[in-house]
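Quick notes on the structure that follows.
The values are calculated or read from the model by the stated rules, or taken from the named source; none is laboratory data. Just so it is clear, the structure is predicted and the values come from calculations on it, not from any experiment. Methodologically, a virtual Cβ is constructed for each residue, glycine included, from the backbone with ideal geometry; neighbour enumeration extends over all protein chains shown.
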Amino acid sequence: MEQSDDATGALRREVSAWLRDNVPGAWRESMTGTAQESFVELQRGWFQKLSAAGYATPHWPEGWLGGGRSLAQQKLIFEEVARADAPRLILYFVALYHAACTLLECGSAEQQARYLPAIQDGQIWCQGFSEPNAGSDLAALRTRAERRGDVYIVNGQKTWSTMAQYADRCLLLARNDRSGPPQAGLTYLLLDMHAPGVTVRPISQITGDDEFAEIFFDDVEVPVTERVGEEGAGWAVAQATLASERGLTLVELSQRMRSALPRLADAINAAGRGDDSALQDDFGNLLARVDATCALADRYLHKRITGEEGPGDASIVKLFYSRTLREFTLLGRRVGGFTAQCERGFMRGATQETGNWPLDFMNSYNWSIAGGSDEVQRNIIAERMLGMQREPKDWHTVERI
Ligand SMILES: Cc1cc2nc3c(=O)[nH]c(=O)nc-3n(C[C@H](O)[C@H](O)[C@H](O)COP(=O)(O)OP(=O)(O)OC[C@H]3O[C@@H](n4cnc5c(N)ncnc54)[C@H](O)[C@@H]3O)c2cc1C
């Protein structure tokens, strides 16, 4: 149920006052440089505060701490967190959105009772879907899950798994049967990342960060009780995970982009270029695009919640967001001039508008790939929304956002 203006105003005041008192000071320093410990410490501390206050899980149902919020309230909390420039929960977003939403939709009562409190307590999750030869074409994945009595034996490799080196559990999509069409014969498992036979190898990025990793499975045992849904029905469960990745993540990210606009304006003024009319035009255009991204994200979330989502709706938001983020960071890079181009240093796990423009520009490419590349989004819009001719069969695409 939506609330009155008074109630909304009261919640906004409550959240913003809480954030004023609790957002860690000088947090960017803890995420800068190479120190993993200070990054993890910052993320843990911030998550625990936010979770205890109920602001980490406003999208969970009634009965869970902080849950049962209306759509307007959820958006309000995201807006305030973004406006307060609080650190993004990069260690926890897979747990909070992907894992929790999948368990709430498809998990057994026993799995929900076991994992949802653990997630609220700070259990870290990663997502093991992509493989070296299965990204856009996810259904081509080859990691095997072979049933032996009460366990599955898992062998294979995943890649690009965000924050896997810190994770306690993995949302794993694996193949139990190779005889049918690619989407059939997939099983969805909750895998213990501390189990014998799991090896994690972080991937170094051009930014200096290593926010994702490869995971190798060598005869890893996963109890049958850790299967979500039926054996062979993992594709449908994976769609639930991918759908949960869309809504709130894009609302949060677009709100953060909007909140970062003053930082870009400050950078323009600090560079003495406030009177540059070409730059003023570009900034005006960017402002309009950022507002449009926020509006599209809001509309998309509303459609999802009311069951009106159509094919391609999510792709439009994802594509618009990734293109706007690119323009945003490119403008920042231009403002910084040649000196900014040479800047070094990185911020661990910080993927957006940090004000380190060359770094932000490189990181903006993440969003053109993660959760389904821009090209794949265009295919989805063309084929499923506009009804254009499908591309040849060997370019098999999968809706991944
Ligand atoms: C920041 C980040 C975080 C990620 N986190 C995770 C994670 O936690 N867990 C996980 O499982 N995966 C994760 N991924 C992986 C991501 O889902 C894949 O990278 C993505 O789906 C693309 O797959 P690929 O890298 O194999 O590229 P490919 O599929 O090999 O694509 C290569 C190029 O070909 C283009 N292409 C492919 N198919 C088509 C087509 N049909 N038509 C036109 N062009 C096409 C693509 O657009 C791309 O430019 C992450 C990726 C990034 C960048």
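Which of the residues that make up segment 180-196 are of a type outside the set (A, V, I, L, M) and on the phi < 0 side of the Ramachandran plot? Steps first, answer last, please.
Taking segment 180-196 first, the residues of a type outside the set (A, V, I, L, M) are 180-183, 185, 187-188, 192, 194, 196.
Passing the criteria: 180, 181, 182, 183, 187, 188, 192, 194, 196.
With a cut-off of at least 1 residues that are away from the ligand (no atom under 11 Å from the Cβ) and at pLDDT below 95, name the helices (runs of 4 or more DSSP H) lying wholly within segment 70-164.
Numbers: elements: 71-83, 100-106, 109-120.
Helices (runs of 4 or more DSSP H) meeting the threshold: 71-83, 100-106.
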Practice prompt. Restricting attention to segment 180-214, report how many residues are under 30 Å from residue 354 (Cβ atoms) and within 19 Å of the chain's Cα centre (by Cα).
Written response: 10
Discussion item. Looking only at segment 53-63, count every residue that is buried (at least 19 other Cβ atoms within 10 Å of the Cβ) and hydrophobic (A, V, I, L, M, F, W, C) and tell me the total.
Written reply: 2
Discussion item. The conditions are (1) without any contact (Cβ under 8 Å) to a residue 12 or more places away in the chain; (2) among the small types (Gly, Ala, Ser); (3) within 28 Å of residue 210 (Cβ to Cβ), and residue 145 fails exactly one of them. Which is it?
Written reply: (1)
Item to complete: Take segment 125-142 and flag every residue that is polar (S, T, N, Q) and in contact (Cβ under 8 Å) with a residue 24 or more places away in the chain.
Response: 127, 130, 136
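Select from segment 180-221 the residues that are among the polar types (S, T, N, Q) and at pLDDT 95 or above and list them in ascending order. Steps first, please.
Pass one, segment 180-221, residues among the polar types (S, T, N, Q): 183, 187, 199, 204-205, 207.
Answer for segment 180-221, where residues must be among the polar types (S, T, N, Q) and at pLDDT 95 or above: 187, 199.
Tell me whether segment 247-255 contains one or more residues that are in a helix (DSSP H, G or I) and of a type in the set (Gly, Ala, Ser).
yes
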Fill in: Residues located in segment 165-202, provided they are more than 16 Å from the ligand (Cβ to nearest atom), charged (D, E, K, R) and in contact with a Gly (Cβ under 9 Å, 6 or more places away or on another chain)
177, 178
Discussion item. Residue under question is residue 320, and the condition is that it be closer than 26 Å to residue 374 by Cβ and in contact with a Ser or Thr (Cβ under 6 Å, 6 or more places away or on another chain); does it hold?
Written reply: yes
